[in-house]
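*Asks:* Please find one structure pasted underneath; my questions will follow.
The values are calculated or read from the model by the stated rules, or taken from the named source; none is laboratory data. These figures come from a predicted structure and were not determined experimentally. Note that we place each Cβ from the backbone using ideal geometry, even for glycine, and neighbour counts take in every protein chain shown.
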Amino acid sequence: MYEGQTVGVVIPAYNEAGFVGEVIETLPEIVDRAYVVDDRSTDDTWSEIEAAAMRVNAAAGVDGTVDAMGEASDGVPRGRVQGGDQVESTSEVATDSSLHADGGELVTPRIVTVRHSRNRGVGGAIKTGYALARENGLDVVAVMNGDGQMDPSLLQRIVDPVVRGRAAYAKGNRLASADDRAGMPPWRLFGNAVLTYITKLVSGYWGMSDPQNGYTAISRDALEAIELDRLYEGYGFCNDVLVHLNVEGFRVEDVPMPARYGDEQSHIRYSRFVPSLSWLLLRRGLWRYRMQSVGSGPRQPYLLLLAGVLGGTVGLAALGVAALTVGVGSAEAALSLLAVLLGGLFVAVAVTVDRLHGRSPDTDGYEPAGGD
């Protein structure tokens, strides 16, 4: 518990044997409950998770873990997980009605272990943990990957903006200063800078940086507002969450932190990651503009963006046909090029209007439900 609010942590893990056990055993004291989700690893990750969870729970006064996929003695299912048919086993999870003991502290176990029956992706693992944390009614839920890249001593800094009501969602930012990004390899730094700008455009959070940073914390209000079923389950999960948060009107705050890399291996396949993330961001960007055009936001950005994307796409296609048939110097090619340029202009104007009316982590206020 931190400042009177319960704190949960979701730890997604896929083939993190040698790392995830230490992550579990070095969780800070402010963590009331951790949901460790094995995304159907093919190494010894699951056995390491179970062993570490048993040690931590034993220290908290719980002997071992209990399978909870069946029914309890009172006939009430326990350990309910969104997409439960994709979960192989879980530890016993207290239901919302029995979450808090006298004095407001969480009842045991401190570590809840979950194993997927099939690999769903890092986003799918986080969604499983989010669903359990939401059911348990935790006030703040952080995400700390099982690869050991996220310094547990920084967790309090990550959750602090949410606990104090400055934001509904806080995330690490390894690009805040030269010292923070010093440990990031050049190719990662370049890729992160490109994704930062694209995600700003798509999400509408223009003051945000380092969108791929998975060290995050979310409020109960925000977690209950976003539709978990709609969230992407791959490595674009963090980007997708930002889009949904903006549509719901929540404030986001960056927390500076140093880049930290060790002996862990990345599981990202860039040949699949780049095209899938590009398609996701295009769809989510159009969706956000549309959703906000029918809400309290201005309608012009969506109409301009839609006209720009459609006009530019048709223009590019026509330009290609003209180049192959009548030549690039033809009138048809010139008209096609004009359509492409006008499409780009419409998109630029749409982005400018959106930015002028958009939400910034540095300017928007956030009042938690029931707050003072």
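*Asks:* Kindly provide the set of residues from the range 21-48 that are closer than 18 Å to Gly123 by Cβ and in a helix (DSSP H, G or I), ordered by number. Step through it out loud before you land on a result.
*Replies:* First pass over the range 21-48, keeping only residues closer than 18 Å to Gly123 by Cβ: 35-41, 45.
Selection gives Thr45 alone.
*Asks:* Which ones in the range 343-365 are in contact with a helix residue (DSSP H, G or I) (Cβ under 9 Å, 6 or more places away or on another chain) and either of a type in the set (Val, Ile, Thr) or modelled with pLDDT under 50 (or both)? Write out each step before concluding.
*Replies:* Residues of the range 343-365 that are in contact with a helix residue (DSSP H, G or I) (Cβ under 9 Å, 6 or more places away or on another chain), as a first pass: 343-355, 357-359.
Val347, Val349, Val351, Thr352, Val353 - these are the residues of the range 343-365 that are in contact with a helix residue (DSSP H, G or I) (Cβ under 9 Å, 6 or more places away or on another chain) and either of a type in the set (Val, Ile, Thr) or modelled with pLDDT under 50 (or both).
*Asks:* For the range 306-338, enumerate the residues that are of a type in the set (Ser, Thr, Tyr) and not in a helix (DSSP H, G or I). If you could, list the steps in order and put the result at the bottom.
*Replies:* Kept after step one, since they are of a type in the set (Ser, Thr, Tyr), are these residues of the range 306-338: 313, 325, 330, 336.
Of everything in the range 306-338, just one residue is of a type in the set (Ser, Thr, Tyr) and not in a helix (DSSP H, G or I), namely Ser330.
*Asks:* If Ala176 passes every condition in (1) closer than 13 Å to Pro258 by Cα; (2) part of a loop (DSSP other than H, G, I, E, B); (3) without any contact (Cβ under 8 Å) to a residue 40 or more places away in the chain but one, which one does it miss?
*Replies:* (3)
*Asks:* Can you go through Ala225, Ala125 and tell me which one is of a type in the set (A, V, I, L, M, F, W, C) and farther than 30 Å from Arg272 by Cβ?
*Replies:* Values: Ala125 fails: farther than 30 Å from Arg272 by Cβ.
Selected residue: Ala225, the only one of Ala225, Ala125 that is of a type in the set (A, V, I, L, M, F, W, C) and farther than 30 Å from Arg272 by Cβ.
*Asks:* Got a number for residues in the range 227-236 being at pLDDT 95 or above and crowded, with 20+ Cβ neighbours inside 10 Å?
*Replies:* Summing the residues that are at pLDDT 95 or above and crowded, with 20+ Cβ neighbours inside 10 Å in the range 227-236 gives 0.
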